[in-house]
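What follows is a short report on a single structure.
The values are calculated or read from the model by the stated rules, or taken from the named source; none is laboratory data. On a predicted model such as this, the values are computed, not experimentally measured, just so you know. When we count neighbours, we look across all protein chains shown, and the Cβ atoms used for this are built from the backbone with ideal geometry, even at glycine. Heads up: the accessible areas ignore ligands, DNA and RNA and are worked out on the full protein's heavy atoms, side chains in. Shrake-Rupley method; radii C 1.70, N 1.55, O 1.52, S 1.80 Å.
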Amino acid sequence: MGLFGLSKEASPPAPKISSDGTPIAPDRSQRARCWEARDAYFVCLDKNGIIDSISEKDKAAKTCAAEGRGFEANCASSWVTYFKKRRVMEYQRNQTLERLKAEGAQEMPGQLGPGGQQRS
Amino acid sequence: MSKVFVPSKNLLATFSRALRHGNPQPISAQCQRLSTITTPGLPRTAPQPSCLHSTPKTGVRTFSTSPQRKYKTVQEQRSRYRSGPFSWKAGLLFLISGAGLIFYFRYEKARMERKRVAEATKGVGRPKVGGPFELVDQNGKPFTDGDMKGKYSLVYFGFSHCPDICPEELDKMARMIDLVRASAPSSAPPLLPIFITCDPARDTPAVLATYLSEFHPDIIGLTGTWEQIKQVCKKYRVYFSTPEGVKPGQDYLVDHSIYFYLMDPEGDFVEAIGRQHSPEQAASIIKSHMGDWKGK
């Protein structure tokens, strides 16, 4: 189930089943736990200078093993992939912005597209 | 131009006397003056005899058949000629109507600006956002576009397994609903918040009921078959990428547009509210559009 497929326990608890037998999406507290675990994992990645934990997954698995397990234990695997990709995307976006700023580009009023100020 | 030109009595008397006695001298000055009145373009240097000769023997009749003028006397005409077509009355009228127009245009300009946004999608040849649909709400009851008529609807597309953006936006939506309800003009149509899932395979009515109750009790959650959802997304110009025929337990994400669509009581798109708007800004946009609604 998990992205790395390493351990069985690194997957979120089975979702609650609704009255018509369909699994219910994570509720507010489950989401909060997932985001917390994600932030902890990303803090660890930041400390070790890892941006893309998908392409550098061996290094990430070695240095941030505990946080990675916590991340996967609290978030659905699709969410894990989504957040990891998003981290890379946001990093690249910030790099581009800084590069443009260094080149003397003028900032336009308005805001970046979807997810612009998510965690920055 | 309604007044008939009537020469003054003594002028007529002089004229007829001159005709009777065949003496052109005493009327020459008057004749010249009259000729400048009736034919302003005539050069003043026209020979005086020709003035007399051109006048038929029945002089009085000539005057009565001459072009109609609006001045009773030569003096009146002269004074009008000196002051031109302007007078203090005309000036005052001009200023009053001018001030009135300026006031009117300023008042209309602000209203028209909002109207322009609201009506950008009305009429022929405009991109159409929204349209008829048939879905099911979170209680399993059918819900169509007809249920949106007569209310301002705030439509949001999302799915319950959305990692981070949808929950944030739904929290924002809940705040917007409360802000608008707290201070909307009482005459305005009510606000109807709607959540349409892009992920019908996993978002059954029961799932939506549980999910949405976390945000705001008044949000109506709509779902349907894959085909129905695809059609409604197409009508609202929402990017739809949900794979067909997924199994309920499967773990996947759905890409979708993340705008709030404000629809007017006739079901026409008014304005899109995006992530850059705070709930307060969004609520004030919604309220000003609601205040404009006159009911058609």
inquiry  = Just checking the output field for A:31-44: average partner chain Cβ neighbours within 10 Å of each residue's Cβ?
reply    = 1
request  = Over the stretch A:25-102, with every protein chain in place, what whole percent of the accessible area is carbon and sulfur at 1.4 Å, could you tell me?
outcome  = 54 percent
remark   = Rounded to the nearest 0.05, FRET efficiency between A:S19 and B:S278 (Cβ-Cβ, R0 35 Å) equals 0.45
key: Protection-proxy order for peptides B:144-150, B:163-169, each taking the mean of Cβ atoms within 10 Å per residue, highest first   = B:163-169, B:144-150
ask   = In the stretch A:25-102, how many lysine pairs have Cα atoms under 17 Å apart, counting only pairs 8 or more places apart or on different chains?
value = 9
query = When the accessible area of each residue in the stretch B:200-227 is compared between its chain alone and the complete protein assembly (1.4 Å probe; ligands, DNA and RNA ignored), which residues differ by at least 20 Å², being lower in the assembly?
reply = B:T204, B:A206, B:V207, B:T210, B:Y211, B:E214
inquiry  = How much accessible area per residue does the stretch B:134-292 have, counting only protein heavy atoms and a probe of 1.4 Å, in square angstrom?
reply    = 38 Å²
query = How well do other chains shield peptide B:155-166, expressed as the mean number of their Cβ atoms within 10 Å of each residue Cβ?
reply = 4
query = Of the accessible area of the stretch B:158-241, with the probe set at 1.4 angstrom, what percent is carbon plus sulfur?
reply = 56 percent
task = With a 10 Å radius around each residue's Cβ, average the other Cβ atoms per peptide and rank A:33-39, B:196-202, B:274-280, highest first.
result = B:196-202, A:33-39, B:274-280
ask   = Can you give the average number of partner chain beta-carbon atoms within 10 Å of each beta-carbon in peptide A:75-82, as a whole number?
value = 4
ask   = With solvent modelled as a 1.4 Å probe, how much accessible area in total do chains B and A shield from it at their shared surface, in Å² to the nearest 100?
value = 2000 Å²
